[in-house]
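Structure first, then comments.
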């Protein structure tokens, strides 16, 4: 890779290190065209492409939302879920990875680790059946943080006894309302 001549020599090693880390993450994720993604990251890292102000602002708002959802939630790692099972599997990533693969729960990546919202599980740390139904109704998402935010923030289609919208995670005993709200997100820009 050629570094542009105007690049500060002191920054070259950190740019190279950042690109190497990004390539490792992309290769590990096995998503999309890794080479094209790596080239794009290299272009951004070396200043050949300047992200727009709107894009940067959007990403800053997204990161703020992710931090808020994570900080205000109760999250469990795969190893924690494993330890909470009546008979924990030897593989520490189980049963979480199996449940996720089967669409029974969702997980989000935070700080390089995967976490699962506590509200997805019953008292025995088994997945609540309603979560699978909501995930099916919600449909496929590229970013699981969309699911986490949807469950976290009040939803206009799910009202409390006083008529005020409540977060889906607070209405897990209202299966029909949750499934209907998850389906309706496809029909509107609201909630």
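Look at region 114-149 and say how many of its residues are within 11 Å of the chain's Cα centre (by Cα) and in contact (Cβ under 8 Å) with a residue 24 or more places away in the chain. Outline the logic, then answer.
Of all residues in region 114-149, those within 11 Å of the chain's Cα centre (by Cα) come to 114-117, 141-149.
So of that shortlist, the ones also in contact (Cβ under 8 Å) with a residue 24 or more places away in the chain come out as 114-117, 144-145, 147-149.
Residues in region 114-149 being within 11 Å of the chain's Cα centre (by Cα) and in contact (Cβ under 8 Å) with a residue 24 or more places away in the chain: 9 in total.
All but one of (1) surrounded by 15 or more Cβ atoms within 10 Å (Cβ to Cβ); (2) out of contact with any strand residue (DSSP E or B) (no Cβ under 8 Å at 6 or more places or on another chain); (3) farther than 24 Å from residue 177 by Cα; (4) at pLDDT below 95 hold for residue 112, so report the exception by its number.
With respect to (1) surrounded by 15 or more Cβ atoms within 10 Å (Cβ to Cβ); (2) out of contact with any strand residue (DSSP E or B) (no Cβ under 8 Å at 6 or more places or on another chain); (3) farther than 24 Å from residue 177 by Cα; (4) at pLDDT below 95, residue 112 is out only on (1).
Tell me, please, whether a residue that is touching a strand residue (DSSP E or B) at 6+ places or on another chain (Cβ under 8 Å) and buried (at least 18 other Cβ atoms within 10 Å of the Cβ) can be found in region 77-93.
yes
Restricting to region 133-142, give me the number of residues that are touching a helix residue (DSSP H, G or I) at 6+ places or on another chain (Cβ under 9 Å) and under 15 Å from residue 100 (Cβ atoms).
Restricting attention to region 133-142, the residues satisfying the condition of being touching a helix residue (DSSP H, G or I) at 6+ places or on another chain (Cβ under 9 Å) are 133-139, 141.
Next, from what is left, pick out any that are under 15 Å from residue 100 (Cβ atoms): 134-136, 138, 141.
The number of residues fulfilling the criteria is 5.
Of the numbered conditions (1) on the phi > 0 side of the Ramachandran plot; (2) in contact with a strand residue (DSSP E or B) (Cβ under 8 Å, 6 or more places away or on another chain), residue 165 satisfies every one except a single condition; which is it?
(1)
The values are calculated or read from the model by the stated rules, or taken from the named source; none is laboratory data. Remember, predicted model here, so these are calculated numbers, not experimental data. In this analysis, Cβ positions are derived from the backbone assuming ideal geometry, glycine residues included, and neighbour counts consider all displayed protein chains.
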